[in-house]
Amino acid sequence: MKYFTPQEATQTLPLVRKIVADILAAGQSMRDISLKVGRNAEKDPGVVQLMGRLEELFEELEELGCSYKDWNFSAGLVDFPAKIGDEEVLLCWRSDEDSLKYYHEIESGFAARKLIPKKYLS
């Protein structure tokens, strides 16, 4: 497993932003089709195509070493494995944030985010 420093994760953000924008757009399109089609939406050719596209996009993030965490396709959450001191944590970025500022323990989630200590940002 790759561990990111905050600086390394920040360097990936331009590419991560593009991938997450595509994920959010595909998720919204899939939701729109599902509302129109109803119960059997997973069999709709448009939904099937979008699900395939989403899998490709998730794989792109995984190849970078991070993972997508927003299954409602609304906030665009991405976690980057990291270490703060000796503790394994996840650096946490949301698509509407300008920069990477937060982390949380592996067992915790978005609601338990804390600011990355300044000594790890330089």
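Bear in mind these aren't lab numbers, they're just calculated from the coordinates by the rules spelled out. If you're wondering where the values come from, they're calculated on a predicted model, not measured in any experiment. Reconstructed Cβ throughout: ideal geometry from the backbone, glycine too, with neighbour counts over all protein chains shown.
Please get the size of the charge dipole for the chain, origin at its Cα centre, with Cβ charges of +1 on Lys and Arg and -1 on Asp and Glu, quoted in debye to the nearest 20.
About 400 debye.
Which one is right for this structure if semi-axes √(5λ) of the Cα gyration tensor in Å is calculated from it: [x] 24, 16, 11; [y] 67, 38, 10; [z] 31, 13, 12?
Among [x] 24, 16, 11; [y] 67, 38, 10; [z] 31, 13, 12, the one derived from this structure is [z].
Expressed as a rounded percentage, what relative contact order does the chain have, with Cα pairs under 8 Å and six or more residues apart?
24 percent
Taking the highest mean first, how do the peptides 6-19, 37-50 order by number of other beta carbon atoms within 10 angstrom per residue?
Per-residue mean Cβ counts within 10 Å order the peptides as 6-19, 37-50.
Looking at the range 1-73, which chymotrypsin sites (Phe, Trp or Tyr not before Pro) are DSSP coil and have at most 12 other C-beta atoms within 10 Å of their C-beta?
71
Given a cut-off of under 8 Å on Cα pairs at least six residues apart, what relative contact order in percent is computed for the range 53-101?
Taking the mean separation of contacting Cα pairs over the length of the range 53-101, I get 23 percent.
Give me the angle, in degrees from 0 to 90, between the Cα long axis of helix 6-37 and the longest principal axis of the Cα atoms of the chain, rounded to the nearest 10.
20 degrees
List nothing, just return the count: lysine pairs in the chain, 8 or more apart or interchain, with Cα separation under 26 Å.
The result is 24.
What does the helix-only formula give at 222 nm for the chain: each DSSP H stretch with n ≥ 4 adding -39500 (n - 2.57), the total divided by the residues, and the result rounded to the nearest 500 deg cm²/dmol?
Computed ellipticity for the chain at 222 nm equals -15000 deg cm²/dmol.
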